[in-house]
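Single-structure report; data block below.
The values are calculated or read from the model by the stated rules, or taken from the named source; none is laboratory data. Predicted model, so just to flag it, every value in this text is computed and none were measured. For neighbour counting, all protein chains shown are included, and Cβ atoms are generated from backbone atoms with ideal geometry for every residue, glycine included. Protein only, heavy atoms only, side chains kept; ligands, DNA and RNA dropped before computing areas. Shrake-Rupley method; radii C 1.70, N 1.55, O 1.52, S 1.80 Å.
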Amino acid sequence: MLTLGICVMHISKRQPQSNLPGPQDWVIRKNYYATYLLLKDPALTQQLCASQAVSTMLKQRFDRFKGSDHCADLGCFLEAFKWKYSEIELMAEQISSQIKGNRKLAELVESTLMPSKTYGIPRDETAKVYLKKALLQDFGAMNYVVDVYGGGKRPNYPRIDSISFDVNRKAYFQLLDDVRQDVLKDIPTGKEALFMTMMTAVRLLEINERWDAAQLEPLIALENKKAFEQVKKQIFQSTLTACC
């Protein structure tokens, strides 16, 4: 079973103790919700990954990741860390197609995933179509994080979201190898390889200090609770300002 919480992060002392998920859980839930739901149900995930096609692909994916201990350049690490496009399509199709014969998966999608509207308003989409869309988006987003925070690809907002390291320095390759070893501690076999790229992305977000927003979630229940409650009581007066 995949263990959450590889690294213990220091949470602001201003935050009250609660039963809310830790920062890593928030990062995964916010960015990869469909995969997060599978992560939280190991028994279901084991069922979904039991088919020959999926188990064979996950073993190959695990071996590629584990074999990156010999990588001497950035491209080698990125290839090992990311999903291949063929893997993304196969995994999304294989898992979503099991909805018809797996009542537990169907209930998870129909009662939790679709009502969340995380991947858009379902409208006329079937549970299978919606789940496949969600998984395709998740896997693609994982690869994007690896490209940006592992490979130094230009992000959407380069002034605030760029990688924190020089990817051309040899010392950086050692850091990537540390990430690899860290992920392997949580995913020691191919049975959990479904979450390998996701956990790599999470580690890369962490070393680039991109967990801050998740640590403060949900703002209305923690950091901004007092302000949020005060706004409810505030009486705003409408005023018109003349413009000359």
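Using the crude model of +1 on Lys and Arg Cβ and -1 on Asp and Glu Cβ, and no other charge, please compute the dipole size for segment 65-134 relative to its Cα centre, in debye to 20.
Working: 11 positive and 10 negative charges, 68 e Å.
Here the size comes out at about 320 debye.
Give me the accessible area of D69, 1.4 Å probe, in Å² rounded to the nearest 10.
The accessible area comes out at roughly 80 Å².
Largest first, what is the accessible-area ranking of W83, W26 with a 1.4 Å probe? Mind dumping the intermediate values first?
On the way: W83 10, W26 40 Å².
Largest to smallest exposure gives the sequence W26, W83.
Order E192, E107, E87, most accessible first, counting only protein heavy atoms with a 1.4 angstrom probe.
E107, E192, E87
So if the hydrodynamic radius of segment 139-187 is defined as the Kirkwood radius over C-alpha pairs, what does Stokes-Einstein give as its diffusion coefficient at 25 °C and 0.890 mPa s, in µm² per second?
It comes out at roughly 209 µm²/s.
Kindly sort R169, R180 by accessible area of their heavy atoms, largest first, with the probe set to 1.4 Å.
R169, R180
Ratio of segment 22-77's C-alpha Rg to 2.2 N^0.38 Å, to two decimals?
1.45
Considering the convex hull of the alpha carbon atoms of segment 63-210, report its projected area averaged over all viewing directions, in nm², one decimal.
Mean projected area for segment 63-210: 9.9 nm², to one decimal.
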